[in-house]
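Written below as structure tokens is the structure these notes are about.
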Amino acid sequence: MEAARTRYEFEMSLISGLEIGLLTFAAFATAALTAVVGAGGGTALIALMLQVMPPSVAIPVHGIVQLASNISRVWMLWEHLAWPIIIRFALLLPFGVALGLWLFTGLGADRVQILIGCFVLFTLALRHLKIMKGRELPLWAFVPLGFVTGVFNMIVGVIAPILGVLVIRKDLAKEQVVGTLGFFGLVGNFFKIAGFMLVGFSFAEHWAAIVSMVPAAVLGAWLGRALLSRINEKVFLIVFQVTLAALAVKLIAIDGLELLAVS
């Protein structure tokens with residue numbers, strides 16, 4: 001625990017008002033994106049946050065912002081939640097969070113940024129490969145999936161794009177898929193926040209970013225569809241994916257490998 005506290009204290013960074021403004025807009029825009037396409041906004045947000053924050057700050061603060069966005073989605077789609085899937089998913093999630101937190105505190109910023117960059121590229125590739133097309137996970141598989149989600153959610157910050165592929169089922173309407181994914185995010189981010197608090201992370205140190213980004217994420221979740229309804233979704237997704245891929249390559253080749261080389 002002391003090692004974790006020392007690392008967080010060492011990597012604390014103050015960000016400027018301009019950077020807070022940019023992150024606030026990013027929180028709004030990525031929440032709106034999730035409202036339109038179901039997933040992907042959280043991945044974009046963590047990639048953007050890592051441009052101005054170290055991973056040990058970006059991942060827990062990202063958890064707070066995503067929790068607010070997920071609460072909004074769950075509130076809007078409460079009657080559509082698929083409880084048989086949610087209950088199984090939540091059973092082992094806390095144990096996965098504990099293991100993921102232990103692994104995270106043993107990783108340096110360079111390795112975390114490389115892992116997140118690789119994860120972003122993997123999710124972009126998975127979207128096009130459509131490996132799960134025509135296949136469905138059996139209900140029991142959501143029990144170990146919750147555990148794995150807990151582990152990786154602590155390390156890479158968000159795995160909603162992969163969950164979005166795995167949750168799609170013939171017996172679930174689109175509203176059920178989006179609402180259930182929102183509940184996954186709610187539970188996952190709640191335990192993520194609790195875990196980081198247990199190892200001494202101080203959210204109060206970053207109150208300005210949190211207070212600005214949380215309302216923006218909620219507003220984006222509620223108004224995203226209306227604000228983006230006039231944009232050509234096909235063109236928008238292409239631009240979004242190219243931008244996300246560029247951020248991922250930067251995290252790997254510049255931020256991660258450069259730090260690894262000098263460490």
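The values are calculated or read from the model by the stated rules, or taken from the named source; none is laboratory data. In this text, all values refer to a predicted model and were calculated from it rather than measured experimentally. Cβ coordinates were reconstructed from backbone atoms using ideal geometry, including for glycine residues, and neighbour counts include every protein chain displayed.
Remarks
- The residues of region 61-72 that are surrounded by fewer than 24 Cβ atoms within 10 Å (Cβ to Cβ) and not hydrophobic (A, V, I, L, M, F, W, C) amount to a single one, SER72.
- Region 81-109, subset at pLDDT below 85 and over 19 Å from the mean Cα position of the chain (by Cα), residue surrounded by the fewest Cβ atoms within 10 Å (Cβ to Cβ): GLY106
- Residue in region 52-63 that is at pLDDT 70 or above and over 19 Å from MET154 (Cβ atoms) present: yes
- When the residues of region 160-171 are filtered to those that are modelled with pLDDT of 70 or more and closer than 18 Å to VAL143 by Cβ, the one that is nearest to the chain's Cα centre (by Cα) is LEU163.
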